[in-house]
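Shown next, in structure tokens, is the structure this report addresses.
Where a number appears in this text, it was derived from the coordinates with a stated rule and is not lab data. The structure displayed is predicted, hence computed values, not measured ones. Heads up, the Cβs are rebuilt from the backbone with ideal geometry, glycines too, and the neighbour counts pull from every protein chain shown.
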Amino acid sequence: MSEEPVRLLADPSLDDGAEPTHRRVAALLRDAERSVEIRMFVWRSDATGNRIAREVLAAADRGVRIRILKDVGAFMYERIEMNRKSLFDRPASPWRRLTWRMVARNFPESFVEDGFDASLGDALLAHPNVSLEWVDHTHTKCWVFDERTVLLGSINLEDRHRGYRDYMAEIRGEEHVSRLRERADGRAPVDPDRPVEFVLNRRIGRRRVFEIKAEILQLLGGARRSAYLEMAYYGDPDVSRAIVDAARRGVEVTILFSREANVGNDLNYRTLHWIARRAGVHVVLSDRMVHAKLLMTDDETVLMGSANLSIYSLRKAAEMDVRVRGLPGFLAAVREEAARRIRAGESADSPDRFARYGRVSSALQQLHQRLS
């Protein structure tokens with residue numbers, strides 16, 4: 001049997017869920033010969049961000065051309081969470097800093113003190129083989145190596161993903177990279193019959209071409225037996241209704257849900273409460289933050305990448321997902337990893353319990369903010 005072109009970057013023996021991805025990124029950077037493209041939301045100047053930055057710099061020193069597309073909006077998250085340091089230092093006006101302080105009041109306290117700085121980011125910016133483009137409303141986490149290998153999913157470059165529930169996939173083969181370029185440029189529509197297909201939200205010239213929500217609704221609407229969701233953030237009402245409709249017609253719906261999300265916890269719980277009051281769904285609460293963006297239907301099709309079920313992801317942000325079907329090895333790997341995460345969680349099938357968790361979580365966050 002020939003090797004499948006897509007594999008899940010996961011290692012059940014590791015508590016650090018991001019390490020398989022970061023290890024693979026480092027290896028591919030060392031093997032890169034011509035070009036590397038990096039599309040990243042958060043790139044923090046912490047141990048993880050600097051570890052990968054050193055590998056990028058070493059590749060550039062060898063003559064590899066590095067193109068970085070970095071979201072400018074994520075600069076806020078880099079500055080108000082964790083160590084509050086960006087890899088790429090960028091001046092901020094007093095008004096912007098005041099805005100960040102106001103926004104930060106709605107975030108759980110997460111400050112971590114360390115000795116990192118922006119020196120590696122400065123070295124990258126000064127390197128003749130490195131180009132950086134600041135882009136807006138781009139939530140993708142994607143790597144392209146030598147136009148032969150794509151890594152995409154939900155993992156940013158920051159330490160806290162070590163304890164998150166995430167997914168990343170490696171897609172190998174020049175034909176798949178060519179297909180990604182073709183889809184990103186708008187030269188071909190979504191092909192429903194391809195085993196590996198890229199589904200994107202992006203801007204083409206002045207047009208906004210947003211495909212991911214329609215794909216999610218189609219998958220939920222076509223599910224016959226089961227639907228499994230791991231999503232960081234919820235809130236799009238059309239998707240919520242599609243989940244309810246699927247459960248009402250007999251589809252077994254399972255949702256792995258953060259007991260407490262890093263942001264948007266109240267909206268997450270309100271959405272879950274709305275869904276669970278209208279249809280029977282099996283909810284598993286995870287003590288680890290579920291940062292994944294994955295939908296699997298009938299154990300036959302997986303849609304995964306950077307897009308949440310939030311209004312921001314589905315209606316405003318550039319996102320990149322991949323849909324995989326007909327690859328038994330990859331599908332089995334996703335099922336096994338999902339089962340492992342479900343076993344580690346706690347079943348909570350009472351709608352009233354969801355509402356209570358949301359109220360308690362919200363109260364604790366508000367109390368913490370008042371005391372800090």
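Some values worked out for this structure:
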item: Debye, to nearest 20: dipole size of region 191-371, +1 on Lys, Arg Cβ, -1 on Asp, Glu Cβ; result: 600 debye
item: Local electrostatic count, Ala318, Cβ distance below 12 Å [Lys/Arg +1, Asp/Glu -1]; result: +2
item: Region 100-146: GluC sites (Glu not before Pro) in DSSP loop, at most 16 other beta carbons within 10 Å; result: Glu109, Glu113
item: Region 6-18 - phi-based ³J(HN,Hα) in whole Hz, Karplus 6.51/-1.76/1.60, Gly and Pro as x; result: 10, 9, 7, 8, 8, 9, x, 7, 10, 6, 7, x, 8
item: Dimensionless Rg over Rh [region 6-175; C-alpha; Kirkwood]; result: 0.96
item: Cα-centre dipole for the chain with unit charges at Cβ (Lys and Arg positive, Asp and Glu negative), debye to 20; result: 1220 debye
item: Net +/- balance of residues flanking Ser131 in space, Cβ distance below 14 Å, scoring K and R +1, D and E -1; result: +2
item: Per-residue HN-Hα couplings for region 36-49 [Karplus 6.51, -1.76, 1.60; θ = phi - 60°; Hz; x = Gly/Pro]; result: 9, 10, 10, 10, 9, 7, 9, 10, 8, 8, 10, 4, 5, x
item: Cα centroid of region 27-66 to Cα centroid of region 167-231, whole Å; result: 26 Å
item: The chain: most fluctuating residue of Ser110, Ser240, Ser45 per GNM, C-alpha cutoff 10 Å; result: Ser110
item: The chain - mean residue ellipticity at 222 nm from DSSP helices (-39,500 (n - 2.57) per run, n ≥ 4, rounded to 500); result: -12000 deg cm²/dmol
item: Most mobile of Ala92, Ala53, Ala318 in a GNM of the chain (Cα contacts under 10 Å); result: Ala92
item: Selection from Ser45, Gly173, Phe145 lying farthest towards where the dipole of region 35-192 points positive, charges on Cβ; result: Ser45
item: Environment charge of Gly115, counting only residues whose C-beta is closer than 12 Å and scoring Lys/Arg +1, Asp/Glu -1; result: -3
item: Principal axes of the chain: Cα extent on each, largest first, Å; result: 59, 58, 45
item: Interchain or long-range residues, amide H under 5 Å from Val253's placed H; result: Ala227, His282
item: Contact order relative to length of the chain, as percent, for alpha carbon pairs under 8 angstrom and 6 or more apart; result: 19 percent
item: Within the chain, longest stretch free of exposed trypsin sites (Lys or Arg not before Pro) [DSSP loop, at most 15 other beta carbons within 10 Å]; result: 250-372
item: Relative contact order of region 6-175, pairs being alpha-carbon contacts under 8 Å that are 6 or more residues apart, as %; result: 36 percent
item: Fluctuation leader among Leu303, Leu98, Leu200 - the chain, Gaussian network, Cα springs under 10 angstrom; result: Leu98
item: Charge-dipole axis of the chain as Lys and Arg at +1 and Asp and Glu at -1 on Cβ define it, positive-most pick from Ala92, Phe116, Val334; result: Ala92
item: Binned Cα-Cα distance frequencies in region 191-371 - 10 Å width, integer %; result: 10, 37, 36, 14, 3, 0
